[in-house]
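Colleague: Structure below; questions to follow.
All of the numbers you see were taken from the coordinates with simple rules; none came from a lab. In this text, all values refer to a predicted model and were calculated from it rather than measured experimentally. Every residue, glycine among them, receives a Cβ derived from its backbone with ideal geometry; neighbour counts consider all protein chains shown.
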Amino acid sequence: MALEALGHTPRWVQLIPPETEGLRLPSLVLLPDRTFLVLRDRHRGRVRVEAPGGVFLLAASRLPKGLYLDGLGPLPGTSLWRNLASAILAHRRTWTQCLALAALAQIPGLAFPQFTRIMVDRVFPGEAHSLFGLIVLSMAAAGAYQAGVSWIQRQFEVTLELRLAFEMEAGFLGHLLRLPFPWLSRRTMGDLLQGFFGMGAARQFLIRHVSGDLLSNLSLPFFVVSMARTSAMATLAVLGGAAIQTGATFLLGRRLARLEALGVATHVKERSLLVEMLRGIGVIKASGSEAMLGSRWLDLVRNRRCIELEAGRLHLLAQTLIEASQGLLLQAVILGTSILFLKENIRLGEMLAFGMMATSFQGGLARIAGLFLQLARLRPTLGKVEEILAVAREPAPFPVERNATPPFISIRDLWFRYEPEGAWVLKAFQAEVAPGERILLQGPSGCGKSSLLKVLAGIQEPDRGQIRMGGLRPREARSQTVYLPQTTVLFSGSLLENLSLLSGGAPREALLAMTEKTGLADIIRSLPMGFETVVAQGGHNFSGGQRQLIALTAALASSRSLLLLDEAMAHMDALGKERLLAGDPFQGKTVLLVSHEDTEGPMVPGWYGFRRERVQLQEPLRYDLSAEGNRER
């Protein structure tokens, strides 16, 4: 809990060395004998380990087996490229190796033109057969060397990409989960998915293209210097042609970016509609609207494909122009060097070497131009990532002890509305709730019952007023609060995994005991696989009442002392509700329960320690939900 307050999401994972090479340090290791080791940092390829007997260095492959504390948290910065740079610096040893290998791989490319010059100008005229064999052998060795170094460089790049893949996607998801709910609720699922997949595209672009294209062109300045030593005028002509090619690529890239922006916007709408259709497939079938919604989705797909086709054609045109300019420049270089050979008394070997260097230089610029076009196509997608990262995360809740005393809730002059210019949902609301109270909130639809619970849960922020829960603001007190909304959603996995997840990691013993109290144990015993029953996505293999009972059982088993229940028993049958309430599962907790049901009867919350309070949306009202009762002032 303390680590979560610092922005980390710790978890114990079973790692077997050398898998620990990707572990972020410092970290803890829980050994089989229940003792701990501290992994401090890495030093010259080894890990500094602190043990009861002292501090020592171990190779990653010699670290002990055990449970490792993985504390990967949200991304540290608010900029995509700053986060990528931070992640690369965390693996600077691997990145430095990639850079060094890329530099070493350029050596043969620099040597080949010089070999050619020596061969033509010295070996052939002098018939130096021994030198000829040596140069041929050297060129073959240089080619093999370049291929081997490039292969090793690619292995380092793959390793770095796999490490960053986990860290960046996990960090982005950690950032996304900590964003304010009001901001998230105004975004479509397509926007969020586009941002999530855009993070992967940025990572691949950085590792595959930047390291593959930019690092492999480190020799371009040396080619310019070598060409200038042979002929300054010809070198200026080569640079002029490169400038024209770069300008044309820039103009086409801007047009390509505009097309990609339209494509991304259409793709976002398409993804959002697809997610909505898959979620509401039952409603679609019941209403017979399959063809209508399918047609709407296909229209979006067609629009996106048309945009992609136009963008693809423009990208192909740009690539063709780059290749054509490369070929024209090569012909111009051959013609120019031939004229220099005739007029400026340049040797044939120097002319050929100049042509090879000019060709290599032009090829490097073509790769950089392709890199620019790729970035232009990615820019709209990366903009979604930047938009999400720019939103400030909510602060982590303050850690509290397990089974802490329920907080005293004080609400003063609370005003709340969902939009800046919208109607007020809560007006000058005041209340005090003593620890351990059970309150049933009732009132007409739209009077602010659910909104009050959302504000108390820290999901929504009030426009004015003050709320204190044991001296803390609602967002700070989330570690003491369980909020169950009207719609219950279960997750794929076993029933026991869902109970553990929805309870915030309650012990198995507490979960089993609570299933007996709430009556969920009877349902579980009727299932062939019991607690290991597989829950379908969304929990659709359970009824609405069973889903609510599962979520409520998990909430009651948690160590959190404040329960905010919004129609949490609305879909349960009367007998099941009566059994749940008769078991008094709310003992020791403060409960605010929203319900539209009539409370005048033997099987309603009012008979089991709940006190009914009505909420009405009128002109500014003040409520006192303390034990003295509700008084309108």
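Colleague: Between R579 and A144, what is 0.36 nm times their sequence separation minus the Cα-Cα distance? Round to one decimal in nm.
Modeller: Difference between extended and current length: 148.8 nm.
Colleague: Exposure proxy check: V49, V268 ranked by fewest other beta carbons within 10 Å?
Modeller: V49, V268
Colleague: Additional query: Nearest 0.05, what FRET efficiency do R473 and E169 give at R0 = 30 Å with Cβ-Cβ as r? Walk me through the numbers before you get to the answer.
Modeller: Values: r = 31 Å, r/R0 = 1.04.
So, using R0 = 30 Å, E works out to roughly 0.45.
Colleague: Between T78 and A261, what is the label-point separation in nm under the 7 Å Cα-to-beta-carbon projection?
Modeller: The two pseudo-label positions are separated by 2.3 nm.
Colleague: How high is the FRET efficiency from T320 to Q155, r the C-beta distance, R0 41 Å, rounded to 0.05?
Modeller: Using R0 = 41 Å, I get an efficiency of 0.75.
Colleague: Among the lysines, which have Cα under 30 Å from the Cα of K517 when same-chain residues fewer than 8 positions away are ignored?
Modeller: K449, K454, K577, K589
Colleague: Could I ask something else about it? In what order do C447, C98 fall by count of nearby beta-carbon atoms within 10 Å, going from fewest to most?
Modeller: Details: C447 19, C98 23.
Least crowded to most crowded, the residues run C447, C98.
Colleague: Give me the one-decimal nm value for the distance between modelled label points at A423 and L218, 7 Å along each residue's Cα-to-Cβ direction.
Modeller: Placing both labels 7 Å beyond Cα along the Cβ direction yields 6.7 nm.
Colleague: In whole Hz and in residue order, list the ³J(HN,Hα) couplings for the range 281-288 that follow from phi through the Karplus curve 6.51 cos²θ - 1.76 cosθ + 1.60, θ = phi - 60°; x for Gly and Pro.
Modeller: 4, x, 5, 4, 5, 5, 8, x
Colleague: Counting other beta carbons within 10 Å of each residue's own, what order do F222, F531, F156, F354 fall into, fewest first?
Modeller: Working: F222 14, F531 18, F156 21, F354 28.
Ranked by crowding around the Cβ, least crowded first: F222, F531, F156, F354.
Colleague: Please list, ordered by chain and number, the residues whose modelled amide H lies under 5 Å from the amide H of S494; skip anything fewer than 5 residues away on the same chain.
Modeller: For S494, the qualifying residues are V535.
Colleague: Need one word for the range 409-614: rounded, prolate or oblate. Basis is the Cα gyration tensor (sqrt eigenvalues a ≥ b ≥ c); a/c below 1.5 gives rounded, then a/b vs b/c decides. Walk me through the numbers on the way to the answer.
Modeller: Details: a/c = 1.82, a/b = 1.63, b/c = 1.12.
Judged from the Cα gyration tensor, the range 409-614 comes out prolate (a/c at least 1.5, a/b above b/c).
Colleague: Related question: With each pseudo-label sitting 7 Å past Cα toward Cβ, what's the A510-V534 distance in nm, one decimal?
Modeller: If labels sit at A510 and V534, their model points lie 3.0 nm apart.
Colleague: Still on this model: Once the Cβ-Cβ distance between V391 and T96 is put in as r, and R0 is 35 Å, what FRET efficiency do you end up with, to the nearest 0.05?
Modeller: Working: r = 33 Å, r/R0 = 0.95.
Efficiency, from the Cβ-Cβ distance: 0.55.
Colleague: Also: Can you give the extra length, in nm with one decimal, that the chain gains between R279 and A228 once fully stretched, where that is 0.36 nm per residue apart less the Cα-Cα distance?
Modeller: So the chain would gain 11.8 nm between R279 and A228.
Colleague: Next up: Tell me, what HN-Hα J-couplings in whole Hz come from the Karplus equation 6.51 cos²θ - 1.76 cosθ + 1.60 at θ = phi - 60° for each residue of the range 505-512, using x for Gly and Pro?
Modeller: Along the range 505-512, the couplings run x, 5, x, 4, 4, 5, 5, 5 Hz.
Colleague: Could you name the lysines whose alpha carbon sits less than 27 Å from that of K269, not counting residues in the same chain fewer than 8 places away?
Modeller: Filter leaves K285, K384.
Colleague: Moving on to the next point. Please list, ordered by chain and number, the residues whose modelled amide H lies under 5 Å from the amide H of Q442; skip anything fewer than 5 residues away on the same chain.
Modeller: Under 5 Å from the amide H of Q442 lie the amide H atoms of E613, R614, V615, each far enough along the sequence or on another chain.
Colleague: With the calculation restricted to Cα positions, what are the radius of gyration and Dmax of the range 363-464 in angstrom?
Modeller: Computed over the Cα atoms of the range 363-464, radius of gyration and Dmax are 23.8, 76 Å.
Colleague: Can you tally the net charge around A551? Count Lys and Arg as +1, Asp and Glu as -1, for every other residue whose Cβ sits under 13 Å from the Cβ of A551.
Modeller: -1
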